[in-house]
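A.B. asks: One structure follows; several queries about it will come next.
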Amino acid sequence: MGGGAVKSLIDGQQRLTTFSILIKALYDNLSEEDKKEPRYAGLFYDSLSKKTPKITHSHLDKPAFESIIQADDISNIPKAKDESQLVKCYRYFSTQVQNLDKKKEFLDYILTQKLWVIIQLDSNENEQKIFDSINTAGLRLSVLDIIKNSLFYQIRNLEPREDIVRGWYEPYWKDVFEKDADTIKNWDRVHFDRKRGRSQSDVFIYAFAVIEGIFELSKGHRIENLSQLYKEKFASLESLPDSRNFLQRMKKYAELYAQFPVIEKNESFIYEDDIKRFFHILSFISATPIPLVLALKAKLENDEKNFLQCLKILENFLMFCWFNRINTDSYSAFFLGLTCDVIAHQNNQNLSEVLKRKFKEKLQEYDNLGNMDDALEEQIKWKPKDAKLVLFWIELYRQEELKGKKDRESDGLVFDMLQLEHILPQKWQTNWNCDDKSDEEMEYLVHMLGNMTLLQWKNNVSLSNSSWEKKKEQLEKTSDFIINKEIIKNEKWDENAIKARTQNFIKEIYKIWDFNSFLQ
């Protein structure tokens, strides 16, 4: 609590505030003579002014904190129904310290012991990277928090009147990102790229940076430096109108992004929910196209049909790349460029044609894509998780087709409640007589898409490496899935049955994902 230059606190606000209130409650109980001791001088106030607290809270907590620091003691603050949590804390500490025998000694202990580790950063250092590296056991520092602090610090430099700044903060930031506990939780939820722990807010901040031109690969920008790139952007906001326009754009895009579904465990799906299907598939592939999706949503905000059409074309393209094992993470520059093209495009009505043309041009860069049927077989072989995804959407597609024919209602399926099952088991030697096939031939058949199906978790354990007769009997009793009903029609399960079912699946893949839209 010593003097020095003005600093922004990146982390530890709650702890510093709590300790400050405890120190104030202890200080209130000192005698007037003790309060005059040199070591207590300048404890709460700036040395240049006895009226300005050393710690300045931002926005909502500032009035309450200043009332605490400026009060002689808790009796100066009348009770109120909507009392601030900070005042409640002050009231609690003031009551508790009354029972202490050595208030002054306790205060001196807090002030003299090394209770704090202070890490001071220069303006060009990445606070998020440094914070995360020393805080591996705790919560990560959100890019959103850094951006908020930097943005409103810049606005306060342009507009010193706190009421004006608060008038911007509440509608443009609080109502969007911090309205209530559920809102904060939604932005903190991890969605894409779970290995690196990218939250909803992280992905949005990246997407908005692309759309605003804050993030450009051509300039060597890196995602881990996003907070610094935003700071540079804020420094370029030279007027209040510029700042307000930026906030308005950010709010608009954040509200659009918040409409996108977050795919979590135990999520139920039906085929006809196009947006949910797209984001479920995207969660398996990459978050790279998200800026493009957000740009399309903004351009086609009032044209849902056109937006869904564009989304479906993008889904088809992503699945084509996925089946051909083209890593779309390496498409960052392509998708960023396409996002800029979409933003600049004047005729919203033909955006779908723009996407088709761009995707076709991109695929023409590859001269070794080969036969799509072969790609489908090779993609699924050896990758059970991928097979599960494809079979899941084939089953839902069939349910949708059946619903149309028989007016059947579907409650949908929960992806995480299903398990992939190999009909011809991976340990086929136990209960299957296949002496006419080599081990290599058997391995090939085991991992063909037509040999795989989906089961509820509870049914999978009992089937495992069972014989065909036992598996067929169990499937007849327990599985209502359409893709399983076709299995039990077979008298025997052999190479012909597996290959025929594989070809049927491939035909349905072509129906679900129209690759011809950008191949012809």
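Laboratory data are not the source of any read-out in this text; all were calculated from the coordinates shown. Worth saying up front: this structure is predicted, and the values here are computed from it rather than measured. Cβ sites come from the backbone with ideal geometry, for glycine too, and all protein chains shown count toward neighbours.
A.B. asks: Using the Cα atoms as the points, what is the convex hull volume per residue of the range 141-363 in Å³?
C.D. replies: For the range 141-363, the hull spanned by Cα atoms encloses 138 Å³ per residue.
A.B. asks: Ok, one more. Between Thr18 and Asp416, what's the calculated FRET efficiency when r is the beta-carbon distance and R0 is 41 Å? Round to 0.05.
C.D. replies: 0.55
A.B. asks: Also: Quick one: net charge around Asn348, please, counting Lys, Arg +1 and Asp, Glu -1 for every other residue with C-beta under 14 Å from its C-beta.
C.D. replies: Net charge in that neighbourhood comes out at -2.
A.B. asks: Right, another one. Based on the alpha-carbon gyration tensor of the range 13-112, what equivalent-ellipsoid semi-axes (square roots of 5 times the eigenvalues) come out, in whole Å, largest first?
C.D. replies: After scaling each eigenvalue by five and taking roots: 21, 17, 12 Å.
A.B. asks: By per-residue mean of other Cβ atoms within 10 Å, what is the highest-first order of 228-237, 387-396?
C.D. replies: 387-396, 228-237
A.B. asks: Suppose R0 equals 25 Å. What FRET efficiency, 1/(1 + (r/R0)^6) with r the Cβ-Cβ distance, do Leu402 and Ile275 give to the nearest 0.05?
C.D. replies: The formula returns an efficiency of 0.65 here.
A.B. asks: Mind checking the full-extension length gain between Thr56 and Tyr153? Use 0.36 nm per residue of separation minus the Cα-Cα distance, one decimal, nm.
C.D. replies: 33.7 nm
A.B. asks: Ile164 to Arg189: extension gain in nm, 0.36 nm per residue of separation minus the Cα-Cα distance?
C.D. replies: Extending this stretch completely gives an extra 5.8 nm.
A.B. asks: For Cα pairs less than 8 Å apart in space and 6+ apart in sequence, what is the mean separation divided by the residue count of the range 13-112, i.e. the relative contact order in percent?
C.D. replies: 38 percent.
A.B. asks: At 0.36 nm per residue, minus the direct Cα-Cα distance, what do Lys251 and Phe284 gain on full extension? Give it in nm, one decimal, please.
C.D. replies: 9.1 nm
A.B. asks: Taking amide H atoms as placed 1.01 Å from N in the peptide plane, list the residues 5 or more away in sequence, or in a different chain, whose amide H sits under 5 Å from that of Glu267.
C.D. replies: Phe415, Asp416
A.B. asks: Kindly provide the pair-distance distribution of the range 160-255 built from C-alpha pairs, with 5 Å bins from 0 and whole-percent values in order of increasing distance.
C.D. replies: Result, from short to long distances: 2, 11, 19, 22, 22, 14, 7, 2, 0 percent.
A.B. asks: Round to the nearest 0.05 the FRET efficiency obtained for Leu100 and Ala181 when R0 = 30 Å and r is the Cβ-Cβ distance.
C.D. replies: 0.30
A.B. asks: May I pose another question? Using the structure shown, select from Lys219/Lys265; Lys312/Lys385; Lys35/Lys179 the pairs with a Cα to Cα distance greater than 29 angstrom.
C.D. replies: Lys219/Lys265; Lys35/Lys179
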